[in-house]
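Report on the following structure.
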Amino acid sequence: LNGPGGHIEQTNAYLEHRSALSYVAMCNEPGFVTTYRAKYPFDELARRMIDSGGESPFKVIALGAGDGYLEVRLVQNLLSRCKSPDIELLLFDISQPLCSGAYRHAAELLGDRPSVSVYAIQGTFHNLQRYTPLLATPERAHRRRVVCMFGNTFANLQNEIMFVRNSLLGFAPGDFLLLNVPAAMAAVDKPEEILRNDRRLAGQTSPYEKSAFDRHFIDLLRRYVPSIKNVELSASLDFEACPVPGSYAADIRATVNMVSGETKQFSMLYAKRYDQAQLDGKMAKEGWTPVAHWRYAEEYHPRLLLLYQRARTDGDEK
């Protein structure tokens, strides 16, 4: 941050305790809760998971768990639908404050359920395949694993396809992958329509974004860049670094004006949006079969909740 500018990878936006606290405050902003968090179709999701995978024991692996709120809600809905529930919840986050907070939240709400075990791992999921001892499942005690990436975690990856291809190795046929991403507002060959319909790119930010989302990034800059005069946030449309067909990004950029007269430019968030059908097609080519999808939160910017299941390949044992 003390250099001339550049991209701030999202991992770094929540590492220390003040940024983590700011993130939790942002997630619990009333406008954000009512617009997005309260509208996740978890009951339908749990029903579809059991219909597609049966009631075998589940291992829910939450990548970038944040405060753990959404993952706990998913487990609660699975508990309500399973006749003989047996669930492990693994909360995975690089931020120690967020990881410990998510564990505490999950333990408080699920700790009295003998059918649920809660674990937390502080680490980077960008190299998930390195955590084999933690993620491995014994052959005779198979748990159907559910990899969860809520809250734009997937959309913030530098290269989503490389992550799916290289970091999700070792998952067995029948395991689930759950993605939560913003929807594309128009086809990528119609940039004028994107700029008109995507409210963030059109400069029509929601109240919660102005009060919490933007403040999270502005406060981060003010804490670590000395002698700031002011900070201005803007969003620009970008296609260049979007490997998934039909996707585009809103590049949230900060112009930092210094007391000295110097100006710095930082890319604070590279938020991608997806065409559901084209993302499904790409995931199928990578070995993850689309099972179900839900579109919700239409009032501001619609979100997609996408459920995939690991397909059997020619190399799998029959």
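Numerical summary
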read-out	value
Enumeration of residues in the range 241-263 that are of a type outside the set (Ser, Thr, Tyr) and within 24 Å of residue 205 (Cα to Cα)	241, 242, 246, 249, 250, 251, 252, 253, 254, 256, 257
Unique match (being farther than 19 Å from residue 191 by Cα and of a type in the set (A, V, I, L, M, F, W, C)) among 254, 271, 250	254
Count of the range 215-229 residues which are open to solvent by less than 50 Å² (accessible area, probe 1.4 Å) and outside any loop (DSSP other than H, G, I, E, B)	6
Test for residue 261: is it without any contact (Cβ under 8 Å) to a residue 60 or more places away in the chain, farther than 21 Å from residue 164 by Cα and either surrounded by 17 or more Cβ atoms within 10 Å (Cβ to Cβ) or among the small types (Gly, Ala, Ser) (or both)	yes
Qualifying residue in the range 266-279 (condition: in contact with a Gly (Cβ under 9 Å, 6 or more places away or on another chain) and exposed (fewer than 13 other Cβ atoms within 10 Å of the Cβ))	yes
Matching option when the condition is open to solvent by 50 Å² or more (accessible area, probe 1.4 Å), assigned to a strand (DSSP E or B) and out of contact with any Lys or Arg (no Cβ under 8 Å at 6 or more places or on another chain), among 193, 232, 240	232
One residue from 68, 53, 64 being over 16 Å from the mean Cα position of the chain (by Cα) and either farther than 15 Å from residue 120 by Cα or not polar (S, T, N, Q) (or both)	53
Residue within the range 129-139 that is touching a Lys or Arg at 6+ places or on another chain (Cβ under 9 Å) and modelled with pLDDT of 90 or more present	no
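The values are calculated or read from the model by the stated rules, or taken from the named source; none is laboratory data. Quick caveat: nothing in here was measured; it's all calculated off a predicted structure. Please note: Cβ atoms are built from the backbone with ideal geometry, for glycine as well, and neighbour counts cover all protein chains shown. The protein model used for the area step is the full one, side chains on, heavy atoms only, and it has no ligands, DNA or RNA in it. Shrake-Rupley method; radii C 1.70, N 1.55, O 1.52, S 1.80 Å.
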